[in-house]
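Worksheet: the structure to be examined is printed underneath.
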Amino acid sequence: LLKKPGVLDVELMRTIELMNSFFNLCNIMLANMTMANAEKYRMLSRTQFGCRKFHMAMAAGNILVKVFDHSRFRRQAIVVTPEDQAHCFRVDYLRLGLASLAQRSLGVPAEPVNMMVEVLQRARRRISTPFGVSEDWYGGDELVEQGKPPMGGSGQGNGDGPCIYTAEVDKADKVVELWGAGTLVVAPMTKNLVNLPNIKYVDDNQGLTSST
């Protein structure tokens, strides 16, 4: 799909993978089960707003505004690093082995996660255009037979794509939080000192760093 009118470079388009409907339905059920379990046991970072119920992007933006106001009132220097992971669902940006471990750590059974990963790694991908579907493909078991690593990426359009990416990124962000990186904010109601390393919405991240 075109991201911008008139820009016809394939690398600058949004690639959508058309998957078997039953397979994708199972992926959606897996994502819902994963997020329900993660919310029940509070396993996700409090700064992750993507792929979660009752966590709107508007709320994440409101927190950023409050952080800026807090910094200005205290005359505290703060640095914001906006990041957008381009093509985060593509085959060469998401390693399914690590991502599947991250999703399984949120309390879902290994079998459905492994099933989805195996299908994605072994699938033969063809290109569909207005002129028809290509006869050639890329991916498939041939890669493994040639001693090459299997395909990665969850695929744009995968019902579990945002969930499995959120699970992987959340693990990395918790490490950053343990290191003490971020900005310190005094909660206005409780007066507690809160450390905010970033504000995340799936693949969009606002990194925060401030002086003490």
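Could we say that Leu94 is farther than 23 Å from Thr209 by Cβ, at pLDDT below 85, of a type in the set (A, V, I, L, M, F, W, C) and open to solvent by less than 30 Å² (accessible area, probe 1.4 Å) here? When the stated conditions are applied, Leu94 passes them. The lone criterion from (1) modelled with pLDDT of 80 or more; (2) assigned to a helix (DSSP H, G or I) left unmet by Glu177 is number (1). The residue that is least open to solvent (accessible area, probe 1.4 Å), counting only those in segment 124-141 that are in contact with a strand residue (DSSP E or B) (Cβ under 8 Å, 6 or more places away or on another chain), free of Cβ contacts under 8 Å to residues at least 40 places away in the same chain and under 29 Å from Met29 (Cα atoms), is Gly140. Set side by side, the residues Val186, Val144 differ, and just one is over 27 Å from Val79 (Cβ atoms), modelled with pLDDT under 85 and surrounded by fewer than 17 Cβ atoms within 10 Å (Cβ to Cβ), which is Val144.
Could you check, for segment 61-84, whether at least one of its residues is open to solvent by less than 90 Å² (accessible area, probe 1.4 Å), touching an Asp or Glu at 6+ places or on another chain (Cβ under 7 Å), at pLDDT 85 or above and within 21 Å of Val202 (Cα to Cα)?
No, that holds for no residue.
Based on what the data block shows, is Glu118 among the charged types (D, E, K, R) and part of a helix (DSSP H, G or I)? Answer is yes for this residue. Taking (1) within 18 Å of Lys174 (Cα to Cα); (2) not in a helix (DSSP H, G or I) in turn, Ala38 satisfies each apart from (2).
It is to be established whether one or more residues within segment 153-162 are within 16 Å of Met43 (Cα to Cα), part of a helix (DSSP H, G or I), touching a residue at least 40 places away in the same chain (Cβ under 8 Å) and not aromatic (Phe, Trp, Tyr). Within segment 153-162, not a single residue is within 16 Å of Met43 (Cα to Cα), part of a helix (DSSP H, G or I), touching a residue at least 40 places away in the same chain (Cβ under 8 Å) and not aromatic (Phe, Trp, Tyr).
Would you check if there is a residue in segment 147-155 being surrounded by 12 or more Cβ atoms within 10 Å (Cβ to Cβ) and of a type in the set (Lys, Arg)? Within segment 147-155 (the criterion being surrounded by 12 or more Cβ atoms within 10 Å (Cβ to Cβ) and of a type in the set (Lys, Arg)), the answer is no, since none of the residues qualifies.
Residues in segment 1-31 that are open to solvent by 100 Å² or more (accessible area, probe 1.4 Å) and within 20 Å of Ala99 (Cβ to Cβ): Met29 alone.
The set of residues in segment 41-65 that are in contact (Cβ under 8 Å) with a residue 12 or more places away in the chain and part of a helix (DSSP H, G or I) comprises Ala57, Ala60, Ile63, Leu64.
The values are calculated or read from the model by the stated rules, or taken from the named source; none is laboratory data. This is a predicted model, so every value here is computed, not measured. Note that we place each Cβ from the backbone using ideal geometry, even for glycine, and neighbour counts take in every protein chain shown. Quick note on the areas: whole protein, heavy atoms, side chains included, nothing else; ligands and nucleic acids left out. Shrake-Rupley method; radii C 1.70, N 1.55, O 1.52, S 1.80 Å.
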